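Engineer: Below: one structure in structure tokens.
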Amino acid sequence: MLSILRKARLKDKELRVLMLGLDNAGKTTIVKKIMNEDVHSVSPTLGFIIKTIEYEGYDCRDVGGQKTLRTYWKNYFEKTDTLVWVVDATDRERIDDCRRELAGLLVEERLSGASLLVFKNKSDVAGAMSEDEVREGLQLDNIRTHKWTIMECSAMTGLNLREGLRWVVEDAKQRLFLF
């Protein structure tokens, strides 16, 4: 049965990536940078922004949202292959909120089986949390239900954005597609 499902996925080659995180983490800036758009004209997202990123033939979607809209994230969980969780590495005060929101997502049945890429954004800013601080703050080592990795990045410079997408695509190829 699994091989039939994999073959079906191979036909459409649609990879569903959901990018989430607390407000001001840099999700929209990441998407703009990947799409070679101006990253200096980004304003806070007041609603949802859904964009399709063409990367190696796969569609990746960004769903942004502020605290009041987080309950609506569940509308985008269906058939998600990878969750990209964006963390503002300069926002130590909200790392507990960040952990709670991520933990809530990882127990969602419709996200079971999805891998997790944690983008530690704003890594290039002085005083940003280290990878170990984010790993501990999010309690990533306790996650046993999802394959995960953490990658520092910068939405402004583009540091590791393509590498993150490459990890997402390679992980999906290994888990979902027959090549």
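Engineer: Run the quick spin-label model on T149 and R70: label points 7 Å from Cα toward the beta carbon, then report their separation in nm to one decimal.
Structural biologist: 2.7
Engineer: A further question on this structure: Mind listing which trypsin sites (Lys or Arg not before Pro) in region 104-179 are in a DSSP loop and have 15 or fewer other Cβ atoms within 10 Å?
Structural biologist: Answer by residue number: R144, K147.
Engineer: Roughly how many nanometres apart are two label points built 7 Å out from the Cα toward the Cβ at E93 and R135?
Structural biologist: According to this spin-label approximation, the distance is 2.8 nm.
Engineer: Also: Would you grab the residues whose amide H sits under 5 Å from the one on E152? Only those 5+ places off in sequence or on another chain, please, with H modelled 1.01 Å from N.
Structural biologist: Residues meeting the amide H criterion: K120.
Engineer: In nm, to one decimal, how far is the modelled label at M35 from the one at E14, with both set 7 Å along Cα→Cβ?
Structural biologist: 1.8
Bear in mind that the values in this text are calculations on the coordinates, not laboratory data. Keep in mind it's a predicted model, so treat the numbers as computed, not measured. For neighbour counting, all protein chains shown are included, and Cβ atoms are generated from backbone atoms with ideal geometry for every residue, glycine included.
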